[in-house]
Amino acid sequence: MDILSIVGLIVSVGAILTGMTLEGGDVNALVNFPAFLIVFGGTIGAALLQSPVKLVVKSLQMLPWIFSPPQLNLREQSEHIVMLATLARKSGLLGLEGQIDTQPDAFMKQGIMLLVDGCQPVVMRDILELELSAIESNELQAAKVFEAMGGYAPTIGIIGAVLGLIHVMQNLASPASLGAGIATAFVATVYGVGSANLIFLPIAAKLKTQILAMSNGREMLIEGFNSIAMGENPRIIEIKLSSYVKN
């Protein structure tokens, strides 16, 4: 569980609502369903329009990472690579075959399979780097769905404000209906700017941070597999991988 995500959300929203209350404002004034529908419906619709189905699905699958990021222990991963190197040194690369089915991570499994197949180090590095590049690109594109929503929300909030003002101008002769139009106008702007800067853009940035951390872990695997393929001493491999662990 990522406590900072929860704390950050509570602090940011809480500070705004508390400040509004201290100024004598009424928090209930921010509850406006028409404004909510305009901003969030329009933002989601625009994001769906610009994004392929696969990216939208991927972005939704990655959303839980905000509060529960993938577990990545580089030290344990490094120790596992050193164990594989030791096993390969004693039993040969074919001795790693029994390790393939025990791996929960697809990238790790692919690397071991390439070792068992006797793939040349240069070829193996190229294959794994291409795989890493494809995974990272796909995940970053999915994160950009939320980044796009952060760009659309303020503009759609302005559209909501303009629609509210149009309603106001059409009902100048009826003072009783002016309040609802003005409320929609200002609340839509708050929803647009607030959701962009407190929700969508932070989510995109958080996901990118997680993606880069996972890519760093996969880069360490590539280095480790390449070293095993070249028959390097497990101790040397451990020293090499320690630089990733320190970062």
Checklist entry - Going by the structure shown, is Glu136 acidic (Asp, Glu) and surrounded by 14 or more Cβ atoms within 10 Å (Cβ to Cβ)? => result yes
Item to check | Residue match in segment 168-180 (condition: at negative phi, surrounded by fewer than 18 Cβ atoms within 10 Å (Cβ to Cβ) and modelled with pLDDT of 90 or more) | outcome: no
Item to check | Flag for Gly157 being modelled with pLDDT of 90 or more and buried (at least 20 other Cβ atoms within 10 Å of the Cβ) | outcome: yes
Checklist entry - Which one of the conditions (1) touching a helix residue (DSSP H, G or I) at 6+ places or on another chain (Cβ under 9 Å); (2) more than 22 Å from Asn216 (Cα to Cα); (3) not assigned by TED's automatic domain parsing to the domain that holds Pro154 does Glu23 fail to meet, given that it meets all the rest? => result (1)
Checklist entry - For segment 119-148, which residues satisfy the criterion of being under 17 Å from Lys54 (Cβ atoms) and among the aliphatic types (A, V, I, L, M)? => result Ala134, Ile135, Leu140, Ala142, Ala143, Val145, Ala148
Checklist entry - Has segment 78-90 got any residue that is over 29 Å from the mean Cα position of the chain (by Cα), modelled with pLDDT of 90 or more and of a type in the set (Gly, Ala, Ser)? => result yes
Checklist outcome for this item: Quick count over segment 2-32, residues being at pLDDT 80 or above and either under 24 Å from Leu201 (Cβ atoms) or touching a Ser or Thr at 6+ places or on another chain (Cβ under 7 Å) (or both), is 20
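Looking at this structure, is Ala85 more than 17 Å from Arg218 (Cβ to Cβ), surrounded by 19 or more Cβ atoms within 10 Å (Cβ to Cβ), in contact with a Pro (Cβ under 7 Å, 6 or more places away or on another chain) and small (Gly, Ala, Ser)? Outline the logic, then answer.
Numbers: more than 17 Å from Arg218 (Cβ to Cβ): yes; surrounded by 19 or more Cβ atoms within 10 Å (Cβ to Cβ): yes; in contact with a Pro (Cβ under 7 Å, 6 or more places away or on another chain): yes; small (Gly, Ala, Ser): yes.
It is true that Ala85 is more than 17 Å from Arg218 (Cβ to Cβ), surrounded by 19 or more Cβ atoms within 10 Å (Cβ to Cβ), in contact with a Pro (Cβ under 7 Å, 6 or more places away or on another chain) and small (Gly, Ala, Ser).
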Checklist entry - Out of segment 1-44, which residues are among the small types (Gly, Ala, Ser) and within 14 Å of Gly157 (Cβ to Cβ)? => result Ala35, Gly41, Gly42
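Does Ala106 count as among the hydrophobic types (A, V, I, L, M, F, W, C), surrounded by 12 or more Cβ atoms within 10 Å (Cβ to Cβ) and in the same structural domain as Glu223 (by TED's automatic domain parsing)? Walk me through how you get there before you give the answer.
On the way: among the hydrophobic types (A, V, I, L, M, F, W, C): yes; surrounded by 12 or more Cβ atoms within 10 Å (Cβ to Cβ): no; in the same structural domain as Glu223 (by TED's automatic domain parsing): yes.
No, not satisfied.
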Checklist entry - Among the numbered criteria (1) at pLDDT below 90; (2) surrounded by 16 or more Cβ atoms within 10 Å (Cβ to Cβ); (3) part of a helix (DSSP H, G or I), which single criterion is violated by Cys119? => result (3)
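The values are calculated or read from the model by the stated rules, or taken from the named source; none is laboratory data. Everything numeric here is computed off the predicted structure, so don't read it as measured data. So basically every Cβ, Gly included, is an ideal-geometry build from the backbone, and we count neighbours across all protein chains shown.
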